[in-house]
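Step one of this worksheet: look at the structure below.
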Amino acid sequence: MTVDGSWYLILAALLFTVGAIGLLIRRNVLVMFMCVELMLNAVNLTLVTFARMLDDIGGQVAVFFVLVVAAAEVVVGLGIIVSIFRRRVGATADDLHILKG
Amino acid sequence: MSLLAQAGEQLGPVALPPLAYSDIGPILVLTTAALVLLTIASLVKGRPPAGFYALFTLCSAGVGLLSSAWLWLTLDEQGPRFAFANMIAVDGFAIFFFVVVCISIALAALVADSYLRREGLDGPEFYVLALLSGAGGMLMAAANDLIVIFLGLETLSIALFVLAGFHRRRSESSEAAIKYFVLSAFSSAFLLYGIALTYGATGTTNLAGIAQWLAANIAVSNGVLLAGTALLLVGFGFKVAAVPFHTWTPDVYQGSPTPVTAFMAGASKAAGFAALLRVFFSTFGVLSLDWKPIVWALAVASLVVGSVLAVVQNDIKRMLAYSSISHAGYVLVGLQAASDRGIAGALFYLLAYTFMVMGSFGIATLVGRRGDAEHQLEAYRGLSTRRPALALGFAVLLMAQAGVPFTSGFLAKFYVISAAADSGSYALALVAMLAAVVAAFFYLRVILVMFSPVEEGGDSSRVPVPFSAALGLISAVAFTLVAGFPITSGAFFEFARRATLLF
């Protein structure tokens, strides 16, 4: 069975858009995290698809780097969230409003 | 055992790829220094003498500078070259940013030393994170592959997230950390999508490979490639805080501990511009007709928004944040010229800017006093009578940022604007000059407040100036004056010009 590569690319673009919009409209910081992960995984899908279409290993190797970096990023991000919301009830971005102007 | 030895004989020796570790000397110096510092701090019992960590960091930055100088000398013999399977570019451009990053680390360590003890945050963590973050910035500047740029960017950013939230007891600090984290991750996703699309269009993530592909397929108008380029520009735009991707800057600069803000404004912006300039000027140079209008718009927006919004700020850190946005606009003016002169001007601007902005935030650190909270404009009233030298130094740095002659800021603005005019962008040059006039207003407002007398019952407490911070501020002011003085400034511009030629 063959599937045209562009379907995967379109799917990835849609996932990326869902993630980007989600990050902009959701107010729960954890859900915003998940949206970032969705965006990064959409990029991974794009990279793997291009790697298959181009018959080149480079794109697949790049995916590993992205995964590792995303994991490291989430560790730090969750650490920051924990340190903030130990003193609060819910993890809502609207509560963070000291800095403005 | 003999079985394994036999297998080894049959298959022959392992061919190791040639890895010239000396080519990334400064990066290795900073990484090693961070690890050694962490090890020392965890093994030695009791508190080390005050200022040990800062001194160690200062020495590491010094060794980093020496190793950059040594690399610069090898360029004369061996010329610019690629290392690590074409992943790293060893050229004047990279070494220029090695120097800028080392300077940022040294200035940040000098300013942070007294700050951390004052706020009860003393420990090796700040310095370790700054060194690692700096190593990431250097990797970004030297990268010859989009994936390596991404790795450098994340090494730089992840350490900075922690640094932004470093002042645990201030909720502003944590808020700055989470805002920086979310928006930085958002922008990284855009950058990565740009990398993926560029890879799909050209079949490689290597910058030299992309340039070759573009040279061979010059007539192709490729939608995927253009989308990838645009997304890369968005990703870098976030990092260098160009309008309209600047929204995180004021909040994060205001909320972060002030020495961290200084480091962020210095090293992080320089590294972001290093990657931006290399990718767009060197790799996508063929596509300059496509990206020049967009960079033009970004530059105009940054200049106008940064200057105008800085005028209405009453918080000095927020004001400096907006002014750093307008500075990003000037560097973009240099890129928009897309000529050697423009890039050399942009590099000189970044060098001068690093000293100006880090010195300014260093002074804000001292005036902020215990609690890091006195950042209202009113806190500066009458500083000239309380601390004449501090007020004078701040005045010099602010005038340099405004672009007053005989300071490095004037020459930096002159170089980028004249490069823009040379390449025919007269409108952009005009906007840049008008933005400088608007910007001069709010810099002068701060100077006016500093030199006006304290009102009855106003704040007249002393501002302590520790030795280490004074050393950092003196070097920042001294560089600003020396690099702006007609006779001595030539050497610094020559450094930037040669860095551009040795691509």
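The values are calculated or read from the model by the stated rules, or taken from the named source; none is laboratory data. Treat the numbers as computed from the prediction; the structure is a model and nothing was measured. Here the Cβ positions follow ideal geometry from the backbone for every residue, glycine too, while neighbour counts run over all protein chains shown.
The conditions of being in contact with a helix residue (DSSP H, G or I) (Cβ under 6 Å, 6 or more places away or on another chain), more than 7 Å from every other protein chain (Cβ to nearest Cβ), closer than 26 Å to A:V3 by Cβ and buried (at least 21 other Cβ atoms within 10 Å of the Cβ) are not met by A:A62.
Inclusion of A:D94 among residues that are in contact (Cβ under 8 Å) with a residue 60 or more places away in the chain, more than 9 Å from every other protein chain (Cβ to nearest Cβ) and on the phi < 0 side of the Ramachandran plot is warranted.
Looking across the stretch B:107-135 at every residue that is outside any loop (DSSP other than H, G, I, E, B) and of a type in the set (D, E), the one that is surrounded by the fewest Cβ atoms within 10 Å (Cβ to Cβ) is identified as B:E125.
Of note, B:T204 satisfies the criterion of being outside any helix (DSSP H, G or I) and within 11 Å of chain A (Cβ to nearest Cβ).
Filter the stretch B:463-503 down to the residues that are at pLDDT 90 or above and hydroxyl-bearing (S, T, Y), then identify the one that is surrounded by the fewest Cβ atoms within 10 Å (Cβ to Cβ). Among those that are at pLDDT 90 or above and hydroxyl-bearing (S, T, Y), it is B:S475.
Among the conditions (1) surrounded by fewer than 24 Cβ atoms within 10 Å (Cβ to Cβ); (2) under 21 Å from the mean Cα position of the chain (by Cα); (3) not charged (D, E, K, R), B:A379 misses just one, which is (2).
Scanning the stretch A:13-59 for residues that are outside any helix (DSSP H, G or I) and either more than 10 Å from chain B (Cβ to nearest Cβ) or surrounded by 16 or more Cβ atoms within 10 Å (Cβ to Cβ) (or both) gives A:R26, A:R27, A:N28, A:I57. Please verify whether B:I40 is within 19 Å of the chain's Cα centre (by Cα), at pLDDT 85 or above and of a type in the set (A, V, I, L, M, F, W, C), treating the condition exactly as stated. No, not satisfied. Would the stretch B:136-145 turn up any residue that is at negative phi, at the interface with chain A (Cβ under 8 Å from one of its Cβ atoms), crowded, with 24+ Cβ neighbours inside 10 Å and not in a helix (DSSP H, G or I)? Within the stretch B:136-145, not a single residue is at negative phi, at the interface with chain A (Cβ under 8 Å from one of its Cβ atoms), crowded, with 24+ Cβ neighbours inside 10 Å and not in a helix (DSSP H, G or I). A single entry from B:T155, B:T229 fulfils the requirement of being under 16 Å from the mean Cα position of the chain (by Cα), more than 7 Å from chain A (Cβ to nearest Cβ), of a type in the set (S, T, N, Q) and crowded, with 20+ Cβ neighbours inside 10 Å: B:T155. Being within 14 Å of chain A (Cβ to nearest Cβ) and out of contact with any Phe, Trp or Tyr (no Cβ under 9 Å at 6 or more places or on another chain) holds for only one residue in B:I294, B:I316, B:I325, and it is B:I325. Among the residues of the stretch B:27-55, those that are assigned to a helix (DSSP H, G or I) and either surrounded by fewer than 10 Cβ atoms within 10 Å (Cβ to Cβ) or in contact with a Cys (Cβ under 7 Å, 6 or more places away or on another chain) (or both) comprise B:S42, B:L43.
Applying the condition of being surrounded by 10 or more Cβ atoms within 10 Å (Cβ to Cβ) and out of contact with any strand residue (DSSP E or B) (no Cβ under 8 Å at 6 or more places or on another chain) to the stretch B:6-24 and asking which residue is farthest from B:I95 (Cα to Cα) yields B:Q6. Here B:R168 clears all of (1) assigned to a helix (DSSP H, G or I); (2) surrounded by fewer than 24 Cβ atoms within 10 Å (Cβ to Cβ) except the condition numbered (1).
Quick grid of which residues meet (1) within 16 Å of B:G194 (Cα to Cα); (2) among the small types (G, A, S); (3) modelled with pLDDT of 90 or more:
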site	(1), (2), (3)
A:V3	no, no, no
A:V29	no, no, no
A:M34	no, no, yes
A:F65	yes, no, yes
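Candidates A:V75, A:V82, A:V69: the one that is in a helix (DSSP H, G or I) and more than 9 Å from every other protein chain (Cβ to nearest Cβ) is A:V82.
Taking residues in the stretch B:201-229 that are on the phi < 0 side of the Ramachandran plot and at pLDDT 90 or above, and partners anywhere that are surrounded by 22 or more Cβ atoms within 10 Å (Cβ to Cβ) and part of a loop (DSSP other than H, G, I, E, B), the pairs with Cβ atoms closer than 6 Å and at least 6 places apart or on different chains are B:L207/B:N144.
Being more than 29 Å from B:T247 (Cα to Cα), loosely packed, with under 14 Cβ neighbours inside 10 Å and at pLDDT below 95 is the requirement here; does A:V82 meet it? When the stated conditions are applied, A:V82 does not pass them. Scanning the stretch B:418-470 for residues that are aromatic (F, W, Y) and not in a helix (DSSP H, G or I) turns up just one, B:F451.
Just so you know, in the stretch B:382-404 the residues that are assigned to a loop (DSSP other than H, G, I, E, B) and at pLDDT 90 or above include one that is surrounded by the fewest Cβ atoms within 10 Å (Cβ to Cβ), and it is B:V404.
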